[in-house]
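Novice: Shown below is the structure under consideration.
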Amino acid sequence: MAGYHDFIRYSLSEGRTGRVSLKAPKVIGAAVSRGTRDYQEDAHTVTAVHIPPAELRHSLVRYFGLNWDPGHIGETLAGQVLFAGIYDGHGGNAVSGYLQQQLHALFEQVDPSEVPELVSKLQGVGGYFKRFKGGALVDWIKPADPPRTLDLEARATLAFLAADKRISELRESEQCGATASFLSSLSLGRTWSSLILLSDGITSVLSDEEIVDLARQAPSPQRAAENVMSFAETIGLSDNATVIVIPLAGWGDVRGPDLTRDLREYRRVQAENSFREARSNR
């Protein structure tokens, strides 16, 4: 069943299905701030997309050696994929807004037949890209009979290239800088509590350790995102910033000492003193 949406389906008895809203604070956490700027150029997306279950099975076998049979739960449930993205404006909201509205749809809709044209267009940019051999798409540059099944890395790469092609046709995109893709595949078990997505507005003021400590003890993903954002604002966040917290299998079970508590308190006091001094000098 194609079509992205803001909920995840799950199985009930007698062949029925239920829905879990991705907007629920206990499901996914998201926090945004424009910092000290007068405008917000960051954009983000959290949605559920649907891709062929056979493609998911192919990816699990290829990258993790996992033999998963999607037939046990049916195509509607088996083809669900959570899609989350943060898009930095790079000098304007034309590109970030476009990606917020369109990238997840492209991820769902791209077809292997598009690969030769998009790779050729990228090579036509010249320079480094002239030597581009296809990367994750190399197996799909030449048509095959029967067509090869995409894997998730190839689908994501193809979606980014399709987005780049469309964005390059936007007049506003010329002043917004280039877009870049990044995909990392990890096999995560119950030893991982969450996946935290951040824009550089956050990473420019907080360390990885501080972010983990702020999020790990939170009672919900939403509170975790708010904890990170609140502390960033307390110590002087200036850039646009976005935080998305996605709970994993170990959420609520993976704990640890708060190793940055004293450092954060020191930074908070320093920020307050700097604010008072700046205000008294006005």
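Novice: Could you list, in sequence order, all residues of the range 151-189 that are modelled with pLDDT under 90, over 17 Å from VAL119 (Cα atoms) and in a helix (DSSP H, G or I)?
Specialist: Residues satisfying the conditions are ARG171, GLU172, SER173, GLU174, GLN175.
Novice: Return a yes/no flag: does the range 256-279 have any residue that is touching a strand residue (DSSP E or B) at 6+ places or on another chain (Cβ under 8 Å) and either within 24 Å of ASP200 (Cα to Cα) or not assigned by TED's automatic domain parsing to the domain that holds ALA48 (or both).
Specialist: We begin by selecting, within the range 256-279, every residue touching a strand residue (DSSP E or B) at 6+ places or on another chain (Cβ under 8 Å); these are none.
Looking through the range 256-279, none of the residues is touching a strand residue (DSSP E or B) at 6+ places or on another chain (Cβ under 8 Å) and either within 24 Å of ASP200 (Cα to Cα) or not assigned by TED's automatic domain parsing to the domain that holds ALA48 (or both).
Each row is one residue, and each column tells you yes or no for (1) in a helix (DSSP H, G or I); (2) in the same structural domain as ARG62 (by TED's automatic domain parsing); (3) touching a residue at least 40 places away in the same chain (Cβ under 8 Å); (4) closer than 30 Å to SER13 by Cα.
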{"site": "PHE83", "(1), (2), (3), (4)": "no, yes, yes, yes"}
{"site": "SER113", "(1), (2), (3), (4)": "yes, yes, no, no"}
{"site": "VAL138", "(1), (2), (3), (4)": "yes, yes, no, no"}
{"site": "PRO143", "(1), (2), (3), (4)": "no, yes, no, no"}
{"site": "PRO146", "(1), (2), (3), (4)": "no, yes, no, no"}
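Novice: Another question about this same structure. Filter the range 31-84 down to the residues that are of a type in the set (Asp, Glu) and farther than 30 Å from GLY236 by Cβ, then identify the one that is surrounded by the fewest Cβ atoms within 10 Å (Cβ to Cβ).
Specialist: Within the range 31-84, the match that is surrounded by the fewest Cβ atoms within 10 Å (Cβ to Cβ) is ASP69.
Novice: Within the range 35-59, can you find the residues that are in a loop (DSSP other than H, G, I, E, B) and at pLDDT 95 or above?
Specialist: Answer for the range 35-59, where residues must be in a loop (DSSP other than H, G, I, E, B) and at pLDDT 95 or above: there is none.
Novice: ALA218 is checked against (1) modelled with pLDDT of 90 or more; (2) in contact with a helix residue (DSSP H, G or I) (Cβ under 7 Å, 6 or more places away or on another chain); (3) not assigned by TED's automatic domain parsing to the domain that holds GLY250 and fails just one. What number does that condition carry?
Specialist: Single failed check for ALA218: (3).
Novice: Taking into account only those residues within the range 1-33 that are within 19 Å of the chain's Cα centre (by Cα) and among the basic types (Lys, Arg), which is nearest to SER199 (Cα to Cα)?
Specialist: Ranking the qualifying residues of the range 1-33, first place goes to LYS23.
Novice: Same structure again: Could you grab me the full set of residues in the range 199-252 that are of a type in the set (Gly, Ala, Ser) and assigned to a helix (DSSP H, G or I)?
Specialist: GLY201, ALA215, ALA224, ALA225, SER230, ALA232
Novice: Out of the residues in the range 253-265 that are among the acidic types (Asp, Glu) and part of a helix (DSSP H, G or I), which is farthest from ALA24 (Cα to Cα)?
Specialist: ASP262
Novice: Is it the case that the range 87-94 has a residue that's modelled with pLDDT of 90 or more, in a helix (DSSP H, G or I) and assigned by TED's automatic domain parsing to the domain that holds VAL46?
Specialist: No, the range 87-94 has no match at all.
Novice: Can I ask one more? If ALA30 satisfies every condition in (1) part of a strand (DSSP E or B); (2) over 26 Å from ARG223 (Cα atoms) but one, which is the exception?
Specialist: (2)
Novice: Among what's in the range 108-136 and is surrounded by fewer than 15 Cβ atoms within 10 Å (Cβ to Cβ) and acidic (Asp, Glu), pick the residue that is farthest from LEU152 (Cα to Cα).
Specialist: The qualifying residue farthest from LEU152 (Cα to Cα) is GLU117.
Novice: Mind listing just one residue for me: the one in the range 241-273 that is in contact (Cβ under 8 Å) with a residue 60 or more places away in the chain and out of contact with any helix residue (DSSP H, G or I) (no Cβ under 8 Å at 6 or more places or on another chain) and, of those, nearest to SER199 (Cα to Cα)?
Specialist: The initial filter retains those residues of the range 241-273 that are in contact (Cβ under 8 Å) with a residue 60 or more places away in the chain, namely 241-250, 253-254.
From the residues that got through so far, the ones that are out of contact with any helix residue (DSSP H, G or I) (no Cβ under 8 Å at 6 or more places or on another chain) too are 248-250, 253.
Working: LEU248: 20, ALA249: 24, GLY250: 24, ASP253: 26 Å.
Selected residue: LEU248.
The values are calculated or read from the model by the stated rules, or taken from the named source; none is laboratory data. Worth saying up front: this structure is predicted, and the values here are computed from it rather than measured. Please note: Cβ atoms are built from the backbone with ideal geometry, for glycine as well, and neighbour counts cover all protein chains shown.
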